[in-house]
Structure formats: structure tokens, C-alpha cells
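First the structure, in the form of C-alpha cells, and then the observations on it.
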Amino acid sequence: MASVKATFTLDPETASRLSRMADQLQRSKSEIVREAVFDYSTRIDRLSERERARMLAAFDDLVPRIPERAASEVDAELAELRAARESGGRRSAAADL
């Protein structure tokens, strides 16, 4: 596998952590970074625990606010919206602003 040399700037704390991990695991810093990037890339599409909790809290807050309506009332409103869309919109020119 061909290697690509890259330069990154790390804050002192991150650089120190990287050095400690490399020493502790007896691996190169490049190996540590490669593995960390790979691990991060496998988790990127997953929600963090904090984000998941935030979304669940929003769901728990919003669901009780959904008004209860009869199905026939909802069907009538949807039919009215469809008819309005099918009518072609405005029949006269918009007023100049």
C-alpha cells in the first residue's frame, strides 16, 4: 500500500496523548492515527449518546402535543390541500412590494 505523507497541527494536550499512546502500545504515532481515523470513520454515521438522548427528549416532548383529530377530519383537510395544489395556484398577479 502506498503511503501519503500529511501534516497536521495538534494542540499540546492531543500531541501528548498521542505520544503516550504510542509509547504504551509500542506502536508508531502514524499507526495510532490511522487506527483512530478508521475507528472514527466507522462511527461517523451513528448518533452520539448525547445526541440520541437529545432527540429522544425532543420526541417525548413533542408527541404529547400532537392534536388528536378524527381520521375523517384529517382526510377532509388533505383533500382540500390537494385541490388547492391542483388548481394551479394564484389566478392574479402578485401585488408589487
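The values are calculated or read from the model by the stated rules, or taken from the named source; none is laboratory data. Quantities reported herein were computed from a predicted structural model and do not represent experimental measurements. We place every Cβ from the backbone using ideal geometry, glycine too, and count neighbours over all the protein chains shown.
For region 56-78, indicate whether the set of residues that are modelled with pLDDT under 90, among the polar types (S, T, N, Q) and either part of a loop (DSSP other than H, G, I, E, B) or more than 32 Å from the chain's Cα centre (by Cα) (or both) is non-empty. No - not one qualifying residue is present in region 56-78. Of all residue pairs spaced 6 or more apart or on separate chains, none has beta-carbon atoms under 9 Å together with a first member in region 8-22 that is under 15 Å from residue 37 (Cα atoms) and touching a residue at least 12 places away in the same chain (Cβ under 8 Å) and a second member that is among the acidic types (Asp, Glu) and surrounded by 11 or more Cβ atoms within 10 Å (Cβ to Cβ). Would you pick out the residues in region 1-34 that are assigned to a loop (DSSP other than H, G, I, E, B) and not aliphatic (A, V, I, L, M)? Listed by number, the residues that qualify are 3, 5, 7, 8, 9, 11, 26, 27, 28.
Of all the numbered requirements in (1) farther than 20 Å from residue 2 by Cα; (2) over 15 Å from the mean Cα position of the chain (by Cα), residue 47 misses one, and that requirement is (2).
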